Amino acid sequence: MDGQAKHVFRWDLDKTYLRTEFDSFKDLWKSALETASDKKAYPGATALLRALKQEAGHKICIVSGSPSQMKRVLSAKLTLDGIDYDEFVLKNNVKNLIRGRFRALRAQIPYKLPVLLKSHVGMGGAEAQTLFGDDAEADAIIYSMYGDLLAGTLELDELARILQAARAYDDDAARTMFLAERALKDHSVKRILIHLDMRSPTATFAQFGRRLVPIYNYFQAALILYEDHVLTARQVLFVALDMLSSPEYELTTLANSLQDLMLRGRLDRDIATQLSGEVQDAADAGALAERGLPPFEQIAEAFRERVRHLGDAPAQEWPDENPRLDYVSLVDSEHSNRRKRRKGGFRFTSG
């Protein structure tokens, strides 16, 4: 890719964009047999991806632990959803099996981190990056490591210890170190959004600092990106209306999601009030929602009501800066948790 991107959005697929279950052999077999039309995206995710690609200089890069043999059907799914992507990388687990690299089948840090670094080097850096993952595995750790490596706050000697803790094969570790040395140093990783597919407690992610925000749904992701000046109010509405067209969501649910972010101190109340005003402006200008969906003035009032309901209640406080993390301990803990889950039953990790 030629020239530096204005903003790169890096997405995982399974449990981040696509609803995928890998908790049993039955789940794995079912996923492998699904056609593109069988696969389902989370409500709002498709609308959000489309909105992110609307501005010139925005790039969509997908990195998934799904087997590379599924690329045809996964590419077809993205095409059906109207997703225009710039990169699409899947994991070659057949190659790992042939070579007897059984640790690599489940390990995500030695796979994803060098892929992210290679992409960053290949495109000549980026002005800004937003990363989307989930709480099923190690996305929070991997994305934070990636951001800290680019920012220069994670040293190479520490990276070597982390890769050892992650049980990386020697050649994977060497490739990661090589790419980390050549990565353009910047502070481009502005935001990490972790979709709570496993419904992990949000407090679990407090240690990662303000840069990382756990989200329950993609309306919350759109709200964070509105506050980050990445999305416009109209684009947030586009995501909201897409979710309201799903039987899983109603206006009360979205209003509760907005209030949740404010209570957690992840969305400024003035920003929520500003969004409500811009939605009201759209209503006053005669903008019409789709048939069967709430009118814009009703959406605006639902959001205003949630802001009023909070009154002067204090929001949870978050550190201003991203803390220095003990990644070796985080990797050891993640590895231990993964082993406990495996003992509890079959689990294939797609990353």
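Listed values, structure above:
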| item | result |
| --- | --- |
| Virtual spin-label span in nm between Asp284 and Asp38, 7 Å along Cα→Cβ | 5.2 nm |
| Net charge of neighbours whose Cβ lies under 14 Å from the Cβ of Val236, counting Lys and Arg as +1 and Asp and Glu as -1 | -3 |
| Acute angle (nearest 10 degrees) that the helix 327-343 long axis makes with the longest principal axis of the chain, alpha-carbon atoms | 90 degrees |
| Rough spin-label spacing in nm, given labels placed 7 Å along Cα→Cβ, for Ser336 and Asp312 | 4.4 nm |
| All-pairs alpha carbon distance profile, the chain, 10 Å steps from 0, percent | 5, 24, 34, 25, 10, 2, 0 |
| Loop trypsin sites (Lys or Arg not before Pro), the range 167-206 (other Cβ atoms within 10 Å of the site Cβ: 15 or fewer; DSSP) | Lys185, Arg199 |
| Debye, to nearest 20: dipole size of the chain, +1 on Lys, Arg Cβ, -1 on Asp, Glu Cβ | 1740 debye |
| Cβ-based charge dipole, the chain, positive-most Cα from Ala173, Asn217, Thr46 | Ala173 |
| The range 191-250, Cα convex hull volume normalised per residue, Å³ | 80 Å³ |
| Column: log10 I(q)/I(0), Debye, Cα scatterers of the range 232-310, q = 0.13, 0.16, 0.17, 0.22 Å⁻¹ | -0.35, -0.54, -0.61, -1.02 |
| Helix 296-310 axis, angle to the chain major axis (alpha carbon atoms, nearest 10°) | 80 degrees |
| About the Cα centre, charge dipole magnitude for the range 232-310 (Lys/Arg +1, Asp/Glu -1 at Cβ), debye | 220 debye |
| Distance-filtered residues of the range 268-298 - backbone nitrogen under 20 Å, label point 7 angstrom along Ala151 Cα→Cβ | 268 |
| Neighbour-count order for His187, His58, His195, fewest beta carbons within 10 angstrom listed first | His187, His58, His195 |
| Which of Val239, Leu254, Pro295, positive extreme of dipole for the range 232-310 (C-beta unit charges) | Leu254 |
| Percent RCO, i.e. relative contact order, over the range 232-310, from Cα pairs under 8 Å lying at least 6 residues apart | 36 percent |
| Loop GluC sites (Glu not before Pro), the range 140-237, which have at most 16 other Cβ atoms in a 10 Å radius of their Cβ (DSSP) | Glu155 |
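Quick note: the coordinates plus some simple rules give every number you see, no bench work behind them. Bear in mind that the values here come from a model prediction, so they are computed numbers and not experimental data. Using ideal geometry, Cβ is built from the backbone for each residue, glycine included, and neighbour counts are taken over all protein chains shown.
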